[in-house]
Amino acid sequence: MLRIINDVQEAKSGLLRRVPLELEEVPAELKQKIKESFGEELSPQQAVEQILSEVSSRGDAALFDYARRLDGVEPASLEVTKEEIAQSYAEVSQELVSALNLAAQRIRAFHANQKRQSWIDFSEGGVGQRVYPLQRVGVYVPGGTAAYPSTLLMAAIPARVAGVGEIIVTTPSPGGITAPATLVAADIAQVDRVFRIGGAQAIAALAFGTQTVPRVDKICGPGNIFVQLAKKLVYGAVDIDGLYGPTELVIVADETANPAICATDLLAQAEHDPLASPILITTSSELAMKVKRETENRLGESERRDIVASSLESKGGIVLVTDLEQAAELVNDYAPEHLSLMIRDPWSYLEKVNNAGAVFVGEDSPVVLGDYVAGPSHVLPTGGTARFNSALTAEDFLKVTSVVAIDKATLQKIGPSAATIARAEGLSGHARAVEIRLRSS
């Protein structure tokens, strides 16, 4: 099932090759669904462009239309009521409520340490910054075949810690029913409003606003290809946190790694999605064979066997390298969402890997803890964007306004240089605006 690749160049050109979101091959069943929904053959981007246009011009009417056409539901209303949220507690176990509360406490505590502060330094030139939270944020929570209350916590709590004035959640609601676990998480995270809207139409509603859904300043959260393309297209009208593709795990392991633990982690990652990428990079051919056997032997344990098997076959693999230096080179080039270090001295190796959304150090730090209860947000850069992007944090919900408060002594000191640069750029009016002040001070 898991292929073993002995040639690093082959791994780079195949398993570890990055393909832009819009160039990903569209499965035949998805093409057929688009044709049935829109009455013509469209690419995913063309379908998203049509959705954005209609929601922008028709508002709520377009949202109800797409609920019927794409989801096959006739929602009585777009917004989830406070009574429905309160009732959701009776539909989930107390064990889950306790687990979500524990996760929320750890997420809140972690992000409370991240907020930037306002400052003004009059002793060194009269400059500084004011830090403000965004006024309104939209959180997209995936749904459909599964509920993801953890994603709501991981996105909404950092926003609340940052001091965002209003947090809006949109989530798909199959059959018109919003997952109770998601509603419990919404209550725990203290979000303000929840809407039963999914897909690109939810992103459009948040970006442009409708008669019912308020326009937000920033949209965050993962989603399918339609959600991500919509986020990409509305950027500029609103801010976004990033573009997220299928989940990724790279394990770097040496001969000291436990093959059963490595295999279990790869299988856990694979159950997310047929396009999930579970990858092992190792210096040990013996470990590679053991992990391969373990994954095959344990595959039958999965309740999502077909999804796991598809992920392992199409996106999974084991890459053999000559040493850990070569492994670090592959990791930094691939820039995975999750990086797990299963090696003899993981702390010294940590300095060698710069491009990863989150790093999990040692076998007692499984990625699954990061998914749910460790504390840092599991909204992480995918698709190689860890080269330049970061995990979602409270700081993503803050904006900075520069403050300039120059005194007369500093004006005399730096003003002539400003005038000189202005005249070099042919902007004599700029120069005069400084020089008039120099003469009068």
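Listed values, structure above:
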{"item": "Filter result (assigned to a loop (DSSP other than H, G, I, E, B), more than 26 Å from the chain's Cα centre (by Cα) and aliphatic (A, V, I, L, M)) within region 246-297", "result": "Ala257"}
{"item": "Close pairs (8 angstrom Cβ cut-off, 6 or more residues apart or separate chains): touching a residue at least 12 places away in the same chain (Cβ under 8 Å) in region 387-403, of a type in the set (Phe, Trp, Tyr) anywhere", "result": "Leu398/Tyr132; Lys399/Tyr132; Val400/Tyr132; Thr401/Tyr132"}
{"item": "The one condition in (1) under 30 Å from Asn332 (Cβ atoms); (2) within 27 Å of the chain's Cα centre (by Cα); (3) outside the structural domain of Ala207 (by TED's automatic domain parsing) that Gln9 fails to fulfil", "result": "(2)"}
{"item": "Count - residues of region 315-354 that are without any contact (Cβ under 8 Å) to a residue 12 or more places away in the chain and in contact with a Ser or Thr (Cβ under 6 Å, 6 or more places away or on another chain)", "result": "0"}
{"item": "Scope region 254-284; condition modelled with pLDDT of 95 or more and of a type in the set (D, E, K, R); matching residues", "result": "Asp254, Glu255, Asp265"}
{"item": "Residue that is farther than 20 Å from Ala391 by Cβ, crowded, with 24+ Cβ neighbours inside 10 Å and β-branched (Val, Ile, Thr), where the choices are Thr282, Thr264", "result": "Thr282"}
{"item": "Among the candidates Leu312, Leu243, Leu287, residue that is over 23 Å from Gly198 (Cβ atoms) and touching a residue at least 40 places away in the same chain (Cβ under 8 Å)", "result": "Leu312"}
{"item": "Given (1) of a type outside the set (Lys, Arg); (2) loosely packed, with under 12 Cβ neighbours inside 10 Å; (3) at pLDDT below 95; (4) more than 25 Å from the chain's Cα centre (by Cα), index of the condition Ala90 fails", "result": "(3)"}
{"item": "Criterion violated by Ile307 - all others in (1) hydrophobic (A, V, I, L, M, F, W, C); (2) under 22 Å from Leu350 (Cα atoms); (3) out of contact with any Ser or Thr (no Cβ under 8 Å at 6 or more places or on another chain) satisfied", "result": "(2)"}
{"item": "Only listed residue being at negative phi, surrounded by fewer than 24 Cβ atoms within 10 Å (Cβ to Cβ) and at pLDDT 95 or above, chosen from Leu287, Leu206", "result": "Leu287"}
{"item": "Some residue of region 135-153 being in contact with a Leu (Cβ under 6 Å, 6 or more places away or on another chain), within 23 Å of Leu52 (Cα to Cα) and surrounded by 17 or more Cβ atoms within 10 Å (Cβ to Cβ)", "result": "yes"}
{"item": "Of the criteria (1) in a loop (DSSP other than H, G, I, E, B); (2) more than 21 Å from Arg58 (Cβ to Cβ), which one Gln211 fails", "result": "(2)"}
{"item": "Subset tally (residues that are outside any helix (DSSP H, G or I), touching a residue at least 40 places away in the same chain (Cβ under 8 Å) and either acidic (Asp, Glu) or surrounded by 14 or more Cβ atoms within 10 Å (Cβ to Cβ) (or both)) for region 36-82", "result": "7"}
{"item": "Count of region 1-30 residues which are under 22 Å from Tyr244 (Cβ atoms) and surrounded by 11 or more Cβ atoms within 10 Å (Cβ to Cβ)", "result": "10"}
{"item": "Meets criteria (modelled with pLDDT under 95, touching a Ser or Thr at 6+ places or on another chain (Cβ under 9 Å) and hydroxyl-bearing (Ser, Thr, Tyr)) for Ser123", "result": "no"}
{"item": "Selection count where residues are assigned to a loop (DSSP other than H, G, I, E, B) and among the basic types (Lys, Arg), scope region 154-203", "result": "1"}
{"item": "Hits in region 98-114 - residues which are part of a helix (DSSP H, G or I) and without any contact (Cβ under 8 Å) to a residue 24 or more places away in the chain", "result": "Ser98, Gln105"}
{"item": "Members of region 139-153 found to be more than 13 Å from the chain's Cα centre (by Cα) and outside any helix (DSSP H, G or I), listed by number", "result": "Gly143, Gly144, Thr145, Ala146, Ala147, Tyr148"}
{"item": "Number of the exception - Ile219 against (1) touching a Lys or Arg at 6+ places or on another chain (Cβ under 7 Å); (2) assigned to a loop (DSSP other than H, G, I, E, B)", "result": "(2)"}
{"item": "Residues (farther than 16 Å from Pro222 by Cβ and surrounded by 19 or more Cβ atoms within 10 Å (Cβ to Cβ)) located in region 364-383", "result": "Ala374"}
{"item": "Qualifying residue in region 319-334 (condition: out of contact with any Gly (no Cβ under 6 Å at 6 or more places or on another chain) and at pLDDT below 95)", "result": "no"}
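The values are calculated or read from the model by the stated rules, or taken from the named source; none is laboratory data. Note that the structure is a prediction, hence the values are computed from the model and not measured. A quick note on method: Cβ atoms are made from the backbone with ideal geometry, for glycine too, and the neighbour counts reach across all protein chains shown.
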